[in-house]
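Only one structure is covered here, and it is reproduced in the block below.
The values are calculated or read from the model by the stated rules, or taken from the named source; none is laboratory data. For clarity, every value in this text was computed on a predicted model and none was experimentally measured. Positions of Cβ are backbone-derived with ideal geometry, glycine not excepted, and every protein chain shown enters the neighbour counts.
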Amino acid sequence: GLLDRPAPAAPADLTLRRGAARVLTDNWTGSSTVPSRTLYPHQWSWDSAFIAIGRRHLSARRAQQELESLLATQWADGRVPHIVFNPAVAADAYFPSPDFWRSSEAGRAAGAPAAPETSGIVQPPVHALAAWLVHLADPAESRRRGFLARVHPRLAAWHDYLLTRRDLGGRGLAAIVHPWEPGMDNSPCWDRALARVEPATPDTFRRADLAHGQPADRPTDLDYGRYVRLAADYREAGYDDRAAPHHFALEDPTFNALLITSELALAAMSRELGLPHERYIERADRLTRTLVERLWDEEAGLFRVRDLHDDTLVDEDSVSGLIPLLVPHLPKDVVRRLSATLLGPRFRAPATELVPSYDLTGHAFDKHRYWRGPAWFNTAWLIHRGLRTHGLHQEAERIRAGFLDQAGRSGFAEYIDPDTGEGRGARLFSWTAALALDLLC
Ligand code: 9WN
């Protein structure tokens with residue numbers, strides 16, 4: 001009836017919507033979207049998933065292409081690379097460049113494509129969730145193009161890779177083997193494990209990020225030395241998870257929560273395609289139980305990272321431990337504790353209403369440095385979705401309002417100071433714009 005119609009958009013929303021659409025148009029390359037024209041001039045894996053989630057409101061077709069172009073570079077072993085390099089972009093525009101990863105050559109045994117060049121590591125599996133949401137935005141167009149039928153086998157192989165080759169702890173969760181894999185590069189959660197890694201010397205690499213970003217907003221040279229060492233070791237092992245030394249191997253709550261959510265999306269897609277779907281539901285249930293068993297920290301009131309080196313939980317509180325709110329079948333008391341932590345002094349930043357990437361009261365908190373304190377828009381979107389999943393609509397609405405306000409004020413910043421809202425990192429950042437669009441629709 002009449003009363004069910006959404007309220008007409010306010011003028012401020014229309015301006016924000018137009019601005020966000022503009023960012024996505026400007027960052028579109030013809031088959032995918034760069035996260036940022038300056039800092040990240042290639043295609044990134046989890047960025048593409050978030051971008052597709054927003055772009056579906058503008059063009060279902062481009063949103064489909066965003067995911068299809070990424071999945072087209074899937075390796076034969078099932079991995080979806082974290083960067084797909086655009087051959088038209090200068091080699092020194094981003095580090096590490098294709099001549100560092102050398103995927104087509106070093107990754108041949110693991111099934112890397114002959115072209116294009118990609119990285120050899122992965123990022124969180126948001127893709128099946130994104131594909132399902134893209135389908136729902138325009139089911140007729142999706143069916144006409146056979147979208148789900150084309151992406152489903154690739155997404156299934158991607159999840160199988162994570163649940164077999166990457167089950168390094170042998171307990172059913174997927175492990176990350178590089179700090180770039182969880183997408184939260186320099187989070188204090190990795191410090192202890194990284195301290196065991198002998199850094200590559202600074203003269204062996206040349207950072208391109210500092211040409212576009214403030215050094216105080218970015219990881220340090222010491223961090224980069226370790227990132228380079230770990231990636232080079234993996235490459236030298238042919239990116240083979242059975243042969244690689246994997247000196248850095250951890251179970252990350254967000255990575256696994258996204259896998260669970262995406263397994264459920266894969267179940268929904270299977271049902272839509274008339275394929276068996278129980279397998280994915282069962283796996284999601286099993287993963288949910290294991291996530292709680294392995295990573296829930298009752299005392300801390302959030303999930304924590306498990307370091308497979310000594311099989312202990314890492315004593316650091318980060319936004320990664322709150323994002324499992326996304327998982328629908330969590331025990332009730334876990335949901336209660338998580339939302340209390342979210343509203344408490346460690347993670348509530350009342351001035352912006354976005355969630356800081358690290359405990360505001362924590363010993364390593366740094367409000368400007370990347371994943372060591374600043375608030376990010378993709379994590380806010382995930383938590384917003386998690387709150388709604390558990391019927392916490394008021395809390396979700398607060399985050400939504402904060403998100404839209406801060407995205408607009410900061411010019412679609414990559415991340416912001418959680419206390420002042422000051423934008424940091426890149427501007428006109430694609431996932432900030434895309435997810436703003438999604439929250440407006
Ligand atoms: C390394 C592209 C990516 C995001 C990550 C974010 C940052 C890259 C970098 O940018 O990482 O992958 O060079 O710092 O941490 O989450 O996907 O936006």
Got a sec? Which of Arg18, Arg108, Arg37 is of a type outside the set (S, T, N, Q), under 21 Å from the mean Cα position of the chain (by Cα) and modelled with pLDDT of 95 or more? Arg37
Determine if the stretch 299-311 includes at least one residue that is surrounded by 15 or more Cβ atoms within 10 Å (Cβ to Cβ), more than 21 Å from the chain's Cα centre (by Cα), closer than 12 Å to Pro253 by Cβ and of a type in the set (Val, Ile, Thr). no
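Yes or no: His363 part of a loop (DSSP other than H, G, I, E, B), within 16 Å of the ligand (Cβ to nearest atom) and either farther than 20 Å from Thr254 by Cα or basic (Lys, Arg) (or both)? Full working, then the answer.
Numbers: part of a loop (DSSP other than H, G, I, E, B): yes; within 16 Å of the ligand (Cβ to nearest atom): no; either farther than 20 Å from Thr254 by Cα or basic (Lys, Arg) (or both): yes.
Judged against the criteria, His363 is not a match.
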Here's a check for you: in the stretch 60-88, which residue that is closer than 25 Å to Trp376 by Cα and without any contact (Cβ under 8 Å) to a residue 40 or more places away in the chain is surrounded by the most Cβ atoms within 10 Å (Cβ to Cβ)? Glu66
Note on the stretch 239-298: residues over 29 Å from Thr118 (Cα atoms) and surrounded by fewer than 16 Cβ atoms within 10 Å (Cβ to Cβ) are Arg271, Leu273, Gly274, Pro276, Glu278, Arg279, Glu282, Asp285, Arg286, Arg289, Glu293, Glu298
Return yes when Ala426 is within 16 Å of the ligand (Cβ to nearest atom) and not in a helix (DSSP H, G or I) and no when it is not. yes
Specify which of the listed residues (Asp13, Asp47) is within 23 Å of Thr432 (Cβ to Cβ) and either assigned to a strand (DSSP E or B) or within 12 Å of the ligand (Cβ to nearest atom) (or both). Asp47
In the stretch 331-357, residues that are within 18 Å of Arg289 (Cβ to Cβ) and buried (at least 24 other Cβ atoms within 10 Å of the Cβ) total 1
Checking the condition within 16 Å of the ligand (Cβ to nearest atom), modelled with pLDDT of 95 or more and either in contact with a helix residue (DSSP H, G or I) (Cβ under 8 Å, 6 or more places away or on another chain) or not aliphatic (A, V, I, L, M) (or both), which residue from Arg79, Arg102, Arg144 passes? Arg79
Search result, residues across the stretch 82-99 that are within 12 Å of the ligand (Cβ to nearest atom) and polar (S, T, N, Q): Ser97
Which members of the stretch 147-190 meet the condition of being of a type outside the set (A, V, I, L, M, F, W, C) and within 16 Å of the ligand (Cβ to nearest atom)? His178, Pro179, Glu181, Pro182, Gly183, Asp185, Asn186, Ser187, Pro188
Looking at (1) under 18 Å from Asp26 (Cβ atoms); (2) within 12 Å of the ligand (Cβ to nearest atom); (3) crowded, with 23+ Cβ neighbours inside 10 Å, which is the only condition Arg55 fails? (2)
Can you tell me how many residues in the stretch 390-403 are more than 22 Å from Leu129 (Cα to Cα) and crowded, with 21+ Cβ neighbours inside 10 Å? 1
Among the listed residues Ser31, Ser69, which satisfies the condition of being in a helix (DSSP H, G or I) and away from the ligand (no atom under 15 Å from the Cβ)? Ser69
